[in-house]
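Only the coordinates and a few stated rules stand behind these numbers; no lab work does. From a predicted model like this one, the values you see are computed outputs, not experimental measurements. Ideal geometry is used to build each Cβ from the backbone, glycine not excepted, and the neighbour counts take in all protein chains shown.
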Amino acid sequence: MNLDSRIYVAGHRGLVGSAIVRALELQGYRNLVTRTSQELDLRERDRVERFFSSEGIEYVFLAAAKVGGIIANRDYPADFIRDNLLIQNNIIDLSYRYGVKKLLFLGSTCIYPKLAPQPMKEEYLMTGALEPTNEPYAVAKIAGITMCQSYNRQYGTRFISAMPTNLYGPNDNYDLETSHVLPALLRKIHEAKETGQREVEIWGTGQPKREFLYADDLADACLFLMKHYEENSIVNIGCGEDVSIRELAESIASAVGYDGSFVYNASKPDGTPRKLVDVSKLTALGWKPSISLEQGLARTYEHYLESQQIYSKSVGGSI
Ligand code: GFB
């Protein structure tokens, strides 16, 4: 991949896609191709084929997906499996048909068994039952991995697959019903501070543990793998350490400057008790993260405040 390569970032406005665009631009890549979902609905094969037939794409970062937190996955299983299968089937197959040199498919660590030994190694894939709340999404992602591996074997393509851990950072989803835990707690704790609310609700027991990687670290890993990784097997991307949801809430409260207390809503699901990934494969290849959770929370909160100011100016008044 050289600085003039024609690089398509699918999902460029999302948490992951926008970080990949930032990383590519920072490294001097100047021939990027992007389309919003309004400009190009990736679920519609004819429109996606017209796009590939006219754009001469050489490299693809497949960061477009229907994603969401534990409640969104539990309540909209058909949307999650249908949309993700449609998007990835179109992009993977048409990347082959239109001669894309290399594609990076992004899965998720929720593809591993609910009770996999921790930390989870790549070879634990499909060795046990999945977490029920996000099984449709996980099955779609496993299908995408298998499709890339099958195309590589049958057609000689270079379609690699990476499994990022839970991510956070700029341009995340802050809708309280559909988002992941970190942006949800950041918003809830910020609003509690702003309104003088003395308690913040945490879903579940607060005991599950999660690993969090800042989106710009993930993007850096994606560029590293696009340049250096040629194996047909999947590779985990993470920071190698996790925190409980309770500890996360306390870290967010510290970053926000909130001194209230937390109440736990046990009617909400905990989901997988833990999903720490083994990062030794990627570490051995020569990559490691550089942004700690404390640094990442500070940057994310700063970006959140900026986006709130932009929003409040656009609606003309305080919110
Ligand atoms: O981030 P999250 O929604 O998804 O939830 P998963 C992580 C943990 O945080 C769960 C708890 O135990 C939640 O109950 N939690 C506490 C909260 N308060 C909140 C809150 O206000 N909002 C949310 N959303 N959670 C997802 C998968 O699993 O991981 C996706 O469902 C994807 O498919 C993603 O793989 C990376 O980490 O449990």
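Among residues of the stretch 182-213 being free of Cβ contacts under 8 Å to residues at least 12 places away in the same chain and part of a helix (DSSP H, G or I), the one that is surrounded by the most Cβ atoms within 10 Å (Cβ to Cβ) is Glu191.
Screening Glu131 on (1) closer than 24 Å to Glu241 by Cα; (2) more than 14 Å from the ligand (Cβ to nearest atom); (3) in contact (Cβ under 8 Å) with a residue 12 or more places away in the chain shows it passes everything except condition (2).
Considering each of Gly68, Gly56 in turn, give the residue that is within 24 Å of His180 (Cα to Cα), of a type in the set (Gly, Ala, Ser) and either within 15 Å of the ligand (Cβ to nearest atom) or surrounded by fewer than 17 Cβ atoms within 10 Å (Cβ to Cβ) (or both). Gly68 is the lone residue from the list that is within 24 Å of His180 (Cα to Cα), of a type in the set (Gly, Ala, Ser) and either within 15 Å of the ligand (Cβ to nearest atom) or surrounded by fewer than 17 Cβ atoms within 10 Å (Cβ to Cβ) (or both).
Of everything in the stretch 90-111, what is in a strand (DSSP E or B) and closer than 15 Å to Gly11 by Cα? Give them in sequence order.
Kept after step one, since they are in a strand (DSSP E or B), are these residues of the stretch 90-111: 102-106.
Leu103, Leu104, Phe105, Leu106, listed by residue number.
Take Thr146 and decide whether it is in contact with a helix residue (DSSP H, G or I) (Cβ under 7 Å, 6 or more places away or on another chain) and either buried (at least 16 other Cβ atoms within 10 Å of the Cβ) or not in a loop (DSSP other than H, G, I, E, B) (or both).
no
With the requirement that a residue be touching a residue at least 40 places away in the same chain (Cβ under 8 Å) and either more than 7 Å from the ligand (Cβ to nearest atom) or surrounded by fewer than 23 Cβ atoms within 10 Å (Cβ to Cβ) (or both), what does the stretch 71-82 give you? Spell out the reasoning first.
Our first condition is that a residue be touching a residue at least 40 places away in the same chain (Cβ under 8 Å); within the stretch 71-82, this holds for 71-74, 77-78, 80-81.
Those that are touching a residue at least 40 places away in the same chain (Cβ under 8 Å) and either more than 7 Å from the ligand (Cβ to nearest atom) or surrounded by fewer than 23 Cβ atoms within 10 Å (Cβ to Cβ) (or both): Ile71, Ala72, Arg74, Pro77, Ala78, Phe80, Ile81.
One line per residue, one yes/no per condition, for (1) within 22 Å of the chain's Cα centre (by Cα); (2) within 16 Å of the ligand (Cβ to nearest atom):
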| residue | (1), (2) |
| --- | --- |
| Ala10 | yes, no |
| Ser37 | yes, no |
| Leu42 | yes, no |
| Arg47 | no, no |
| Phe61 | yes, no |
| Asn84 | yes, yes |
| Gln88 | yes, yes |
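Scanning the stretch 187-230 for residues that are away from the ligand (no atom under 11 Å from the Cβ), in contact with a helix residue (DSSP H, G or I) (Cβ under 9 Å, 6 or more places away or on another chain) and among the charged types (D, E, K, R) turns up Lys193, Arg198, Glu199, Asp216, Asp217, Asp220.
Taking the criterion of being polar (S, T, N, Q) and crowded, with 22+ Cβ neighbours inside 10 Å, no residue of the stretch 19-29 qualifies.
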